[in-house]
Amino acid sequence: MIPLITHPLYSYNFDSKHRFPMEKFGLISAYLREKNILTRENCYRPGRAKDSVLALAHCEDYLHRFIHNQQSAKEIRRMGLPWSEGLVTRTLLSPNGTLLAASLALRHGIACHLAGGTHHAHRDFASGFCILNDLAVASLALIHLGKVKRILIFDCDVHQGDGTASILENEDRIVTCSIHCEKNFPVNKAQSNVDIGLEKGMKDDAYLDVVTNTLTKLLDDVEPCLVFYDAGVDIYEHDPLGLLSISEPGIRERDRQVLSICQNRKIPVITVIGGGYDNDRKALARRHSMVTEEAHKLFA
């Protein structure tokens, strides 16, 4: 069975009416357990990320101020989430979940983190529900430890991975690609190594062509040792924060194709769930679980 990484504290006591669906992490785990894809044998729990690892991607002063509730009101508004001890706990676990998943992917060819993809977090500030950038933290840690020489971050969330691009702009060994809706958050885009801004309302066939052609070319050019795949489902046609028109079968096919391309080239791949904001939280959890279901079909 493929390694799956999650933690019960990813979903904590949180306002169910808030735009950010904090309960989705627990719902994803519950759904995958019902499908017998997540079991005791393949479930891994991360511990708290080390300060030295987080400092590879984030300013130590910012980390201290977030942890000790010393951010300004403006910073809290930009973060988009109310500060709490529960938020601090889950925030310090999740980057380590992505790092653990990456380490397992290098051994098993695939690993799925049932969280992660917090790509709006910058070096010294939170943004758009993202506080620490797990993609930047984990990829820099692997490079720093000498576990890999080249990494590709392939971000298919509907919003541009501006924080990831900004943090990693001077790291040539990590290549960032963001395929996103151009007329969407953030208004001021950063510069990834490859940015593809899509028109609002794009449908399945055109979208899948962009994703597969872009990934194939990048794998040829970059020759990565590991791929981080942000499988955001806010591309869904009815997602309130999306603006693309991708069907559920289109999302599943995207995930299948991305994973198949990596598998066929024998390139290890880690998946993170990215964004998704449907008010039907159980439907959202099922949508987020598609990438893990497809990974299970291909790799188990």
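The values are calculated or read from the model by the stated rules, or taken from the named source; none is laboratory data. Remember, it's a predicted structure, so these values are computed and weren't measured experimentally. Every residue, glycine as well, gets a Cβ built from its backbone with ideal geometry; the counts of neighbours run over all protein chains shown.
Brief remarks follow.
- Within the stretch 2-17, tally of residues that are modelled with pLDDT of 95 or more and either of a type in the set (Ser, Thr, Tyr) or under 17 Å from residue 48 (Cβ atoms) (or both): 8
- Checking 260, 247 one by one, the residue that is at pLDDT 95 or above, surrounded by fewer than 16 Cβ atoms within 10 Å (Cβ to Cβ) and within 19 Å of residue 102 (Cα to Cα) is 260 and no other.
- Extreme residue, surrounded by the most Cβ atoms within 10 Å (Cβ to Cβ), among residues of the stretch 125-148 that are assigned to a loop (DSSP other than H, G, I, E, B) and free of Cβ contacts under 8 Å to residues at least 60 places away in the same chain: 128
- Criterion applied to 148, 194, 187 was being touching a Leu at 6+ places or on another chain (Cβ under 6 Å) and more than 18 Å from residue 233 (Cα to Cα), and the one residue passing it is 148.
- Of all the numbered requirements in (1) under 16 Å from the mean Cα position of the chain (by Cα); (2) surrounded by 20 or more Cβ atoms within 10 Å (Cβ to Cβ), residue 3 misses one, and that requirement is (1).
- Unique match (being closer than 30 Å to residue 18 by Cβ, of a type in the set (Asp, Glu) and either out of contact with any Leu (no Cβ under 8 Å at 6 or more places or on another chain) or surrounded by 17 or more Cβ atoms within 10 Å (Cβ to Cβ) (or both)) among 253, 294, 223: 294
- For the stretch 24-42, filtering for residues that are surrounded by fewer than 19 Cβ atoms within 10 Å (Cβ to Cβ), over 14 Å from residue 300 (Cβ atoms) and not aliphatic (A, V, I, L, M) leaves 3.
- Considering 242, 275, the condition of being small (Gly, Ala, Ser) and closer than 15 Å to residue 119 by Cβ is satisfied by 275 alone.
- Filtering the stretch 30-60 to residues that are over 26 Å from residue 137 (Cβ atoms), without any contact (Cβ under 8 Å) to a residue 40 or more places away in the chain and assigned to a loop (DSSP other than H, G, I, E, B) leaves 36, 39, 40.
- Residue that is surrounded by the most Cβ atoms within 10 Å (Cβ to Cβ), among those in the stretch 177-213 that are among the β-branched types (Val, Ile, Thr), touching a helix residue (DSSP H, G or I) at 6+ places or on another chain (Cβ under 9 Å) and in contact (Cβ under 8 Å) with a residue 24 or more places away in the chain: 179
- Some residue of the stretch 197-217 being in a loop (DSSP other than H, G, I, E, B), of a type in the set (Val, Ile, Thr) and more than 19 Å from the chain's Cα centre (by Cα): no
- So residue 112, is it in contact with a Leu (Cβ under 6 Å, 6 or more places away or on another chain) and surrounded by 24 or more Cβ atoms within 10 Å (Cβ to Cβ): yes
- Out of 94, 103, one residue alone is more than 17 Å from residue 10 (Cβ to Cβ), at pLDDT 95 or above, of a type in the set (Gly, Ala, Ser) and outside any loop (DSSP other than H, G, I, E, B). It is 103.
- Counting only residues that are touching a residue at least 60 places away in the same chain (Cβ under 8 Å) and either in a helix (DSSP H, G or I) or among the hydroxyl-bearing types (Ser, Thr, Tyr) (or both), the stretch 263-300 holds 17 of them.
- Top-ranked residue in the stretch 121-136 [being within 14 Å of the chain's Cα centre (by Cα) and small (Gly, Ala, Ser); ranked as farthest from residue 275 (Cα to Cα)]: 136
- Filter result for residue 77 (over 23 Å from residue 255 (Cα atoms), of a type in the set (D, E, K, R) and outside any helix (DSSP H, G or I)): no
- Within the stretch 9-50, the set of residues being of a type in the set (A, V, I, L, M, F, W, C), closer than 11 Å to residue 90 by Cβ and in contact with a Leu (Cβ under 7 Å, 6 or more places away or on another chain) comprises 9, 25.
- Taking the stretch 61-83 as the range and being under 24 Å from the mean Cα position of the chain (by Cα), among the basic types (Lys, Arg) and more than 19 Å from residue 136 (Cβ to Cβ) as the test, only 77 passes.
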